[in-house]
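Before any comments, here is the structure.
The numbers here are math on the coordinates, done by the rules we state, and not lab data. What you see is a predicted model; the values in this text were computed from it and never measured. Positions of Cβ are backbone-derived with ideal geometry, glycine not excepted, and every protein chain shown enters the neighbour counts.
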Amino acid sequence: MTSTDVSFELITALLILGGAVLALIRAVKGPTTYDRVLAVNVFGTKTVIILALLGYIGNRSGFLDIAVLYALVNFLGTVALLRFVESRRFFQ
Amino acid sequence: MMEHVAHGLMILGGFFAFSGSLGILRMPDFYSRLHPAGTADTLGQMLVFAGLALKVITVSLAEEAPVDGLSIGKLIAISLLLFVTTPASTHAIARAAQLGGLKPWTGEKEREDTDE
Amino acid sequence: MSDPVLLINVILLMIAVGAAIAAMWTRDLLGAVMLMGIYSLLLAVEWANLFAMDVSYTEAAVGAGAATILLLTALTRTGTREKAGPNFHPTALLTVIVTGAMLIYGTADMPRFGDPQAPATVNVAPEYIAQNVGKVDAGEDGPENDFGDHVPNAVTAVLASYRGYDTMFETAVIFTAGVCVILILRPLSPSARRETAQSQEGA
């Protein structure tokens, strides 16, 4: 695999990493809890894509299994978080 | 030819994912932030995974190796999973916010940083 | 940079450090919990990168999933704002610096990474490898000399064959810990919840 061959995946990965940084800034800034949950959810999606790209670039097919797991954990985490937020109002 | 299509799909997907995050950072209010999170991200991940699957097929065709069907199946599975779960979780967050009594921004003064 | 995987990893680690600093810096505890979830997710990617797939699965499921939920449940019993206080704790800083220095001093005695002469690789590991790996297709010499159709991965084979009891009692310990956590964090009865709310308003 030549270096020019890999560069497109690398550019995509860098774009998505940039997006992840922006989502992280939103998670830090808030201002409401819902913004943070949304940012964490988006960040999780970005992580899944990054894992798939890393698996392709590094030529490791095992990364795809972890990506499936992360997609599931991300969704379950968001739903569980929201159940807490809805049922016990522990924030203003 | 197919390789260029795959690269184009990937870059386009990366662009959509990035612009979705930019929207989440730049939009003025929570409900408007849902829009880039739900739509741009879903499209972005689909394009990236389609590009990756196409790339796997092209590379194995070029090397005259058997196509790795399992990897492509996993890529499609992840993409479908995200296609279902991203809008669903966005919807759940919006519903929770509405039930929690968060008022949408209606155009008066900036309401950023009201909580901090 | 020549190695794209290295470049992506450096950026991922930088984001992880940023998330950790932000989680310590923020006064909103709910936000801190979510930032810790992001941090766990990033660390899990790094574990996968170091070929520690089992640790990566655990980090994703426990760090990003279960620990977030546990901390959120704990937050329902406390407030969601950290109490105002000094940002700088000299004693804490001193403790961290001393512990870190001792740990770094301890690494000086460790063998080089991947050293074939390291004690861990010369004593028991060859025995395990001789018994396990390569036994996958050993159908000729009968069932008594063979471990059955083992997985070719030596780590998984050792975990399953030799550390079965270890894993079983670990599971017992973790189950007990889980039961204790559920007992502490179980939902309050409505009257107790009202009392807690009143005491929080009074404080």
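Take each residue in B:79-92, count the other chain C-beta atoms within 10 Å of its C-beta, and the mean is 5.
For peptide C:114-125, what's the mean number of Cβ atoms from other chains within 10 Å of each residue's Cβ?
0
Order of C:V5, A:V48 from fewest to most other C-beta atoms within 10 Å?
C:V5, A:V48
Diagonalising the gyration tensor over the Cα atoms of segment C:60-107 and scaling each eigenvalue by 5 before taking the square root yields semi-axes of 29, 21, 6 Å, largest first.
Ordering C:E127, B:E64, C:E59, A:E9 from the fewest to the most neighbouring beta carbons within 10 Å gives B:E64, C:E127, C:E59, A:E9.
Extension gain, C:F169 to C:I97: 0.36 nm times the residue separation minus the Cα-Cα distance gives 22.4 nm. Extent of chain B along its three principal axes (Cα atoms, max minus min coordinate, largest first): 61, 24, 20 Å. Checking every one of the chymotrypsin sites (Phe, Trp or Tyr not before Pro) in segment C:1-105 against DSSP loop status and a limit of 13 other Cβ atoms within 10 Å picks out C:F51, C:F88.
Compared with the direct C-alpha span, the chain from C:A66 to C:I104 gains 10.6 nm at full extension, assuming 0.36 nm per residue. Here B:K103 is the anchor, and the lysines within straight C-alpha reach of less than 25 Å, apart from those fewer than 8 places off in the same chain, are A:K29.
Per residue, the convex hull spanned by the Cα atoms of segment A:3-87 amounts to 68 cubic angstrom.
Expressed in nm to one decimal, what extension gain is obtained for the pair B:E3 and B:A88 from 0.36 nm per residue of sequence separation less their Cα-Cα distance?
Full-extension gain reported as 27.3 nm.
Comparing B:S79, B:S19, B:S89 in a Gaussian network model of chain B (Cα springs below 10 Å), the most mobile by mean-square fluctuation is B:S89. Since only C:V33, C:S56, C:L13 are under comparison, the one whose Cα sits farthest along the positive direction of the charge dipole of segment C:1-81, derived from C-beta charges on Lys, Arg, Asp and Glu, is C:V33. Pairwise Cα distances in segment C:19-58 exceed 14 Å for 48 percent of all pairs.
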